[in-house]
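FYI, it's all coordinate maths here, none of it is from the lab. Here the structure is a predicted model, which is why all the values come from computation and not from measurement. Positions of Cβ are generated from backbone atoms using ideal geometry, with glycine treated the same way; all protein chains shown enter the neighbour counts.
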Amino acid sequence: MTQGSTYPEPLGREQGRLDTGVPHIARVYDYWLGGKDNYAVDREVAERIIATGNPVTQNARANRGFLGRAVRHLTAEAGLRQFLDLGTGLPSADNTHEVAQRIAPETRIVYTDNDPIVLVHARALLTGSPLGSTTYIHADVRDIDLILERARETLDFDRPVGVIMAGLLHCIPDEDDPAGIVAKVLADVPSGSHLAISQPAADINANGMARAASVMDQLMPVKITYRTREQVARFFEGTELLEPGLVPAPLWRPDPDADTTPRSVWAGVGRKA
Ligand code: SAM
């Protein structure tokens, strides 16, 4: 088991090259979170969406907050010691390995993303505890079979795995079968594994989200799909949703005194029986 290993050569289909003239979702999201790893084109898209009046920075923060609370719960309460974090994003505050290894330093994490800028920054994700293991795979989640095969080099698929798909599935249009991708992961991990999903909502502040979607459609090279609660619920097929179910992200096991204003992000965690 290698501590802090990375697989810089793309696995599976060819990944896009780093192009600072084309906006990318990871960098737009980084801007909304207050990060610095973004370029003028990303900031322009991010600002154009803010200008529609959709509270998108709050949505992004709500998504990130859910990720941290879900990983904390899965490590501290469900006792998981390994995670597969798909669509990792740029390093930010409280990355999955930091949250999990603060509680259990021996936790192993496999990160994977298809964005070349995330690859550039991946080293920052590989600074985990010496007792644990953190690996980064540069791959497209649509090549899920290859990712699962490579992830087995770090994770033991005979023991429960925490599968994280936070803010990822809206980047996978229906024609690329996101439900099929989720189902393949669930088929490979054992009972007791958990699936955490958050996904921008089409049906919370529907008008604001429709305005954001129309800017996304015009400016983003990758099709972005916001989904209703019913559509997101289908991704959890084969799992039992933990309390409080599939809810707006701020309402998923909020910390005391947290702002629980519902934001346009569905979030939930399911346990494979
Ligand atoms: N998971 C992080 C979080 O919740 O804070 C980051 C979410 S960010 C909105 C979405 C991430 O998914 C980006 O880093 C993007 O590069 C990645 N992504 C989008 N499409 C992908 C694909 N087809 N394969 C792998 N990663 C993808």
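Assorted remarks:
- Percent RCO, i.e. relative contact order, over the range 187-246, from Cα pairs under 8 Å lying at least 6 residues apart: 36 percent
- Relative contact order for the chain, counting Cα pairs under 8 Å that sit 6 or more residues apart, in percent: 22 percent
- On the beta carbon distance between residue 223 and residue 94, with R0 = 25 Å, the FRET formula returns roughly 0.30.
- Once the Cα-Cα distance is subtracted from the 0.36 nm per residue extended length, the residue 123 to residue 102 segment shows a gain of 5.7 nm.
- For residue 108, the residues 5 or more places off, or on other chains, whose built amide H falls under 5 Å of its own are 82, 83, 133.
- Average Cα contact separation per residue, the range 86-167, under 8 Å, 6 or more apart, as relative contact order %: 35 percent
- Extension gain, residue 78 back to residue 175 (0.36 nm per residue minus Cα-Cα distance, nm): 31.5 nm
- Segment residue 259-residue 47, length gained on full extension (0.36 nm per residue, minus Cα span): 74.0 nm
- In Hz, Karplus ³J(HN,Hα) per residue of the range 167-172 (6.51, -1.76, 1.60; θ = phi - 60°; x = Gly, Pro): x, 10, 5, 6, 8, 10
- On the principal axes of its alpha-carbon atoms, the chain has extents of 46, 40, 36 Å, going from largest to smallest.
- Taking the chain as a Gaussian network of alpha-carbon nodes connected by springs under 10 Å, the highest mean-square fluctuation of the residues 119, 80, 219 belongs to 219.
- 154, 135 arranged by Cβ crowding within 10 Å, fewest neighbours leading: 154, 135
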